[in-house]
Amino acid sequence: MNTMKTVLLLGLLTGLILAIGQLIGGNNGMMLALVFAAGLNFFSYWFSDRLVLAMYRAQPVSREQAPMLHETVERLCARRNLPKPRIYLIPQEAPNAFATGRNPQHAAVAVTEGLLRLMDQEELEGVLAHELSHVTDHDILISSVAATIAGAISMLAHMAQYAMIFGGFGGRDDRERSNPLGLLVTIIVAPIAAMLIQLAISRSREYQADQSGAELTGNPYGLARALEKLGQASRRIPMDANPATSHLFIVSPFSRRAFVSLFSTHPPLEERIRRLTGRPGV
């Protein structure tokens, strides 16, 4: 199912890029957009995980540097007969974590330095079980691809802004056939489309990963306590994060506001904790 969703996303992206290329530069712009879309589809499948890890300056962490982290991952992987993913450390104080990769054989789990300092053993196990559930549920590829797509759409919106100012990127005939109203719509709609892509894939999968993670550890309270701590910490410690990748993290890297939370890529922490423990949290 997630493989079909990934193919659908890439197909929709190709169509959107071609349409925006036509609006920006006419026929020449559409041809350039076709080349761009082909390259982006290839890159999204094979290298989106590396892009995300590089974006957060994540570094491989050895067993000597983080023995509890490695031991916990190995224990959880053994329970699910899962290949051990690559383990990375993000040099940020804000506690958070994400999993990425195109399949379980090429997966990576990244945690922040702040997460390791904040969590006790049971809470860390709950967080890692949640992230490994994203791997076993085969939704890490669609999440990584969506992050690349969201970033590409945002870039296209900026290109449309320049096209509005300079009259398009094609030749004279293409500029005469350009559509200023269409460019304006692109500038407005493209960021919204990026957000909707993230919303479409994020909320239900977080509930599922919570449930699968709790089943993996046999202890829903460890993950529930971790989520409560993460919710409180996100209000105090801002994370330097790219909005295009916000859906990857176990909790939103941005502190919640009443209006903004309506468009959050994550379901409410209170509801996630209630589903895990039967009682409201945070």
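Coordinate-derived values only; no laboratory data. Just so we're clear, the structure is a prediction, and the values are computed from it rather than from any experiment. Glycine also receives a Cβ, built like all others from the backbone with ideal geometry; neighbour counts cover every protein chain displayed.
A few remarks follow.
- Nearest-20 debye value, the range 88-127 charge dipole, Cβ charges on Lys, Arg, Asp, Glu: 300 debye
- Taking the fewest neighbouring Cβ atoms within 10 Å as the starting point, the ordered list for 276, 223, 76, 8 is 8, 76, 276, 223.
- Integer Hz, Karplus 6.51/-1.76/1.60 couplings in order for the range 73-89, x for Gly and Pro: 4, 4, 5, 5, 5, 5, 5, 9, 6, 10, x, 5, x, 5, 10, 10, 10
- Taking other C-beta atoms within 10 angstrom as a stand-in for reagent exposure, 205, 235 fall in the order 235, 205, fewest first.
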